[in-house]
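Below is one structure, written out as structure tokens; comments come after it.
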Amino acid sequence: MKHVVPFVLTTVLTLAAPAFAGDSPAAFPKGTFTLQAYGTVASGIDAEEIFDSAAFGGSYYLFDNVSLGVEASGYHFVQAPGDDGWMYGVAGVLRHHLFQFDRATLFADVTFGPAEATKRVPDAGTYFNFTTRAGIGATWQLQDNLYLIGGARYFHLSNARIEGPERNPSINGVEGYVGLMWKL
């Protein structure tokens with residue numbers, strides 16, 4: 001239950017409409033396409049794993065300030081000294097810019113998708129898992145179509161019991177990220 005609360009809260013905030021932009025035009029109007037690239041660091045809350053990752057993706061704004069996208073990620077993880085591994089995955093992304101200011105927005109987002117690793121992760125787990133992320137972030141407009149993007153997320157990794165409940169350990173953690181977003 002403790003893992004569901006952050007996910008549900010973020011999903012509700014992300015789907016809440018409309019964005020609280022007042023009378024100003026949407027920072028990301030319906031029909032806008034963006035590309036984003038960012039780096040992350042996640043640390044397990046109830047485990048000692050550390051994940052670094054890089055993500056690249058694109059998003060389409062279905063409504064003003066609300067986008068649906070896809071991202072590809074590459075992960076490096078450390079489970080114990082000398083027990084490093086690599087993981088790659090793809091995830092769907094739902095993002096809602098809830099507040100906008102002159103050059104900035106505050107948003108909530110949720111991502112979910114499969115990932116494949118070179119080692120069992122965690123050690124008693126499986127090679128194939130799912131990642132779920134939910135959190136808040138901000139954009140800062142650097143140029144007309146270039147934004148700094150960053151935030152913090154709850155990070156969850158498990159295999160959804162695909163090999164039974166005895167081989168379904170999970171990792172829960174906090175993730176920080178920073179990168180760039182281009183509005184096309």
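The values are calculated or read from the model by the stated rules, or taken from the named source; none is laboratory data. It should be emphasised that the depicted structure is a prediction, and the values quoted were computed from it without experimental measurement. Methodologically, a virtual Cβ is constructed for each residue, glycine included, from the backbone with ideal geometry; neighbour enumeration extends over all protein chains shown.
Does Trp86 meet the test of being in contact with a Leu (Cβ under 6 Å, 6 or more places away or on another chain) and either part of a strand (DSSP E or B) or under 19 Å from Tyr61 (Cβ atoms) (or both)? Here the answer is no, as Trp86 does not meet what is asked. Filtering Val90, Val78 for residues that are of a type in the set (A, V, I, L, M) and modelled with pLDDT under 95 leaves a single hit, Val78. Among the residues of the stretch 93-114, not a single one is at pLDDT below 95, over 18 Å from Asp64 (Cβ atoms) and not in a loop (DSSP other than H, G, I, E, B).
Run down Thr131, Thr105, Thr118 and say which single residue is of a type in the set (Ser, Thr, Tyr) and either free of Cβ contacts under 8 Å to residues at least 12 places away in the same chain or surrounded by fewer than 16 Cβ atoms within 10 Å (Cβ to Cβ) (or both). One residue alone meets the criteria, Thr118. When each of Ser67, Ser43 is tested for being small (Gly, Ala, Ser) and surrounded by fewer than 19 Cβ atoms within 10 Å (Cβ to Cβ), the lone residue that passes is Ser43. For Asn159, the conditions (1) more than 30 Å from Thr32 (Cβ to Cβ); (2) touching a helix residue (DSSP H, G or I) at 6+ places or on another chain (Cβ under 6 Å); (3) of a type outside the set (Val, Ile, Thr) are fulfilled apart from (2). All told, Glu166 meets the bar of being free of Cβ contacts under 8 Å to residues at least 24 places away in the same chain and either under 20 Å from Phe33 (Cβ atoms) or not hydrophobic (A, V, I, L, M, F, W, C) (or both). Contact map, the stretch 54-65: residues that are at pLDDT 95 or above paired with residues that are among the acidic types (Asp, Glu), Cβ distance under 6 Å, separation 6+ or inter-chain. Pairs shown: Ala55/Glu71; Gly57/Glu71.
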